[in-house]
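S.K.: Below you'll find the structure I mean.
A short reminder: the numbers here are calculations on the coordinates, not readings from a lab. Fair warning: this is a prediction, and the values are worked out from it, not measured in the lab. Glycine gets a Cβ as well: all are built from the backbone with ideal geometry, and neighbour counts include every protein chain shown.
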Amino acid sequence: MPHRNIFKKILFCTDFNTDAMRAFRYALNIAAANKDSELIIFHAIPEPDAQFWKSYIYEVEDVDTKARQDIDRKIAEVYTPAIPEDIAWSSDFSVGNVGEEILRKSQEESVSLIVIGRGAGSNVINRMLGNFTEKVIRKAHCPVLVVPDEEEGEI
């Protein structure tokens, strides 16, 4: 039986918290096990945060370019060194409702798997906005792997 790639495009969603690194390891392992798959590293900036920064640093020209540079730098520091050369990858970010942005990006890229850390849905911002992880699970067109933080499994 020929090997068939189940997961051609994997959308790894990060908020750069520690639980995201654990989810990243899962995404990498799945990408490595699915020959010729592509890993997309995606960060959604919650709209209230974006508006705060745009009003707070209004004197800075082109705040979106600055955000892109900061995100690219974080990805280069945290994720890029761990990606094997044979795994194709890209990165992107957007501003808006986190759950909706993840769903939009997954549709736009026709991803076959979304990988997200469960802790990402439990920080203060997301408690205020509603748990975006639950929304992604309910509305996604593809499987969603929700990876718990290591401490969450301890009793």
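S.K.: Just grab the label-to-label distance for A82 and E108, each label 7 Å out from Cα along the Cβ direction, in nm (one decimal).
M.R.: Result: 2.5 nm between the two label points.
S.K.: Non-local amide H neighbours of N97 (under 5 Å, H modeled in plane, Pro and chain starts lacking H): which ones?
M.R.: The list, which skips near neighbours in sequence, is E47.
S.K.: Is there a pair in K74/K135; K105/K135; K8/K74; K8/K105 whose C-alpha atoms are over 20 Å apart, and which pairs would that be?
M.R.: Violating the 20 Å limit, Cα to Cα: K74/K135; K8/K74.
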